[in-house]
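Novice: Got a structure here, written out as structure tokens. Questions coming.
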Amino acid sequence: MESLMIEATKYTPEISFDCNNHVLDIKGKSYPENTSVFYQPIFEWLEEYLSSDETQEVTVNMELIYFNSSSSKVLMDFCDRLDEAAEDGKKVTANWFYEEDDEDALEFGEEFQEELESVTFNLVEKAPDNE
Amino acid sequence: MLQDLYEFKKDLGKRGVFFCLSGPISQNLVAEIGTTLEQKMTLEETSKATVLRVFSTVVENAQNIIRYSDEKEEELSLGIIAVGHKNSHYFVLCGNMVENTKITRLTDKLTKLQDMNRDELKKEYRKRRREPPPPDSIGAGLGFIDMAKKASEPIEFDFKKINEDFSFFSMKIVI
């Protein structure tokens, strides 16, 4: 199978799912008008990737600055699918990135961490921007 | 009208409103409004979390107008969004027409949220996120709870009857 690369737009995140190095990155903002239209191909790819025997160990990096409430539900479904794969014996590590002064992002991360049983879910504070 | 424009602007200013848009709301506009508000609030040295809460509340409201406003011109949905600052808090106002048949259901939903404290709202959010969206919802059905969670006071709302079929639905969210 091929890696999945989708460039970021104003309201959708950058998707970089690399099936050769087994690193899945989601980065940016997520508030599309129609969440399922954007995420359906991503879920289809994930399904094929996680079902493959070649997938044994995967790292997922989630670095979302902002997501709307319907994207939050999609992220929950996404994490649930990862948890299922981890229950099936695959080694799944998820990193949730948040900025130091963004307590809402940290809280979202903590909630996902609590909801998941088999994924190793890390909360990672981002280094401050040097703009 | 021309002479009134300054009075209109001054009146908004008196109420603490620094941004106001009335008319068709589109997804493109949502992104632009969000970015501009972010820039303005960052200039005022607002904390990152507050900027994101205001941004998020504007997005949820705008997307509610796009999805649920009962005043439409072809594909476009009409409504009004205002953002202001008063008593050291930002607030977001949002309004659109709704069919009178929807009033009871909206009132029930919003009254239930008004009575919940922050922990209860968090629990409700997590519970609902695991459930399929309600049949009358186009998104995840989480928008109001999300706003209530981000607000520092219970959400205020009102229905102003326009005629036999429609009312004007307004909400105020204080961040």
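The values are calculated or read from the model by the stated rules, or taken from the named source; none is laboratory data. Every value quoted in this text rests on a predicted model; they were computed, and no experiment measured them. Note: ideal-geometry Cβ built from the backbone for every residue, glycine included; neighbour counts use all protein chains shown. Each accessible area value is taken on the protein alone, full model and side chains, heavy atoms only, with ligands, DNA and RNA left out. Shrake-Rupley method; radii C 1.70, N 1.55, O 1.52, S 1.80 Å.
Novice: Is at least one residue of segment A:99-116 in a loop (DSSP other than H, G, I, E, B) and more than 29 Å from B:THR42 (Cα to Cα)?
Specialist: For segment A:99-116, residues in a loop (DSSP other than H, G, I, E, B) and more than 29 Å from B:THR42 (Cα to Cα): present.
Novice: Sticking with this one: Looking at (1) within 15 Å of B:PHE157 (Cβ to Cβ); (2) surrounded by 12 or more Cβ atoms within 10 Å (Cβ to Cβ); (3) not β-branched (Val, Ile, Thr), which one does B:ASP115 not meet, given that it meets all the others?
Specialist: (2)
Novice: Can you tell me how many residues within segment A:17-36 are over 24 Å from B:VAL30 (Cα atoms) and open to solvent by 30 Å² or more (accessible area, probe 1.4 Å)?
Specialist: 6
Novice: Let me ask you something else. Name the one entry in B:GLU32, B:GLU38 that is under 20 Å from B:ASP146 (Cβ atoms), acidic (Asp, Glu), under 17 Å from the mean Cα position of the chain (by Cα) and modelled with pLDDT under 95.
Specialist: B:GLU38
Novice: Within segment A:20-30, can one find any residue that is assigned to a loop (DSSP other than H, G, I, E, B) and in contact (Cβ under 8 Å) with a residue 24 or more places away in the chain?
Specialist: For segment A:20-30, residues assigned to a loop (DSSP other than H, G, I, E, B) and in contact (Cβ under 8 Å) with a residue 24 or more places away in the chain: present.
Novice: Give the residues of segment A:58-98 that are touching an Asp or Glu at 6+ places or on another chain (Cβ under 9 Å), open to solvent by 30 Å² or more (accessible area, probe 1.4 Å) and in a helix (DSSP H, G or I), sorted by residue number.
Specialist: A:ASP80, A:ARG81, A:GLU87
Novice: Do we have B:VAL54 as closer than 10 Å to B:ILE175 by Cβ and buried (at least 22 other Cβ atoms within 10 Å of the Cβ) here?
Specialist: yes
Novice: Which of the residues belonging to segment A:67-94 are under 11 Å from the mean Cα position of the chain (by Cα) and farther than 26 Å from A:ASN34 by Cα?
Specialist: Of everything in segment A:67-94, just one residue is under 11 Å from the mean Cα position of the chain (by Cα) and farther than 26 Å from A:ASN34 by Cα, namely A:THR93.
Novice: Can you tell me which condition B:GLN63 does not meet? The list is (1) in contact (Cβ under 8 Å) with a residue 40 or more places away in the chain; (2) out of contact with any Lys or Arg (no Cβ under 9 Å at 6 or more places or on another chain); (3) open to solvent by 10 Å² or more (accessible area, probe 1.4 Å); (4) within 11 Å of chain A (Cβ to nearest Cβ), and all the others hold.
Specialist: (3)
Novice: Under 7 Å between Cβ atoms, which residue pairs at least 6 apart in sequence (or on different chains) link something in segment A:56-78 that is more than 7 Å from chain B (Cβ to nearest Cβ) with a partner that is in a helix (DSSP H, G or I)?
Specialist: Matching pairs, first to second residue: A:VAL60/A:LEU82; A:PHE67/A:LEU75; A:SER71/A:THR35; A:VAL74/A:THR35; A:VAL74/A:TYR39.
Novice: Please go through segment B:135-175 and give me each residue that is assigned to a loop (DSSP other than H, G, I, E, B), away from chain A (no Cβ under 14 Å) and farther than 23 Å from B:ARG15 by Cβ, ordered by number.
Specialist: B:PRO135, B:ASP136, B:ASN163, B:GLU164, B:ASP165
Novice: Also, I was wondering about something else. In the set A:TYR39, A:TYR49, which member is within 14 Å of chain B (Cβ to nearest Cβ), closer than 19 Å to A:ASP18 by Cβ and surrounded by 19 or more Cβ atoms within 10 Å (Cβ to Cβ)?
Specialist: A:TYR39
Novice: Restricting attention to segment B:27-51, which residues are open to solvent by less than 40 Å² (accessible area, probe 1.4 Å) and either in contact with an Asp or Glu (Cβ under 7 Å, 6 or more places away or on another chain) or not in a helix (DSSP H, G or I) (or both)?
Specialist: If the condition is that a residue be open to solvent by less than 40 Å² (accessible area, probe 1.4 Å) and either in contact with an Asp or Glu (Cβ under 7 Å, 6 or more places away or on another chain) or not in a helix (DSSP H, G or I) (or both), then B:GLN27, B:THR46, B:ALA49, B:VAL51 are the ones that fit.
Novice: For segment A:56-78, which residues satisfy the criterion of being modelled with pLDDT under 95 and in contact with a Phe, Trp or Tyr (Cβ under 6 Å, 6 or more places away or on another chain)?
Specialist: A:ASN68, A:VAL74
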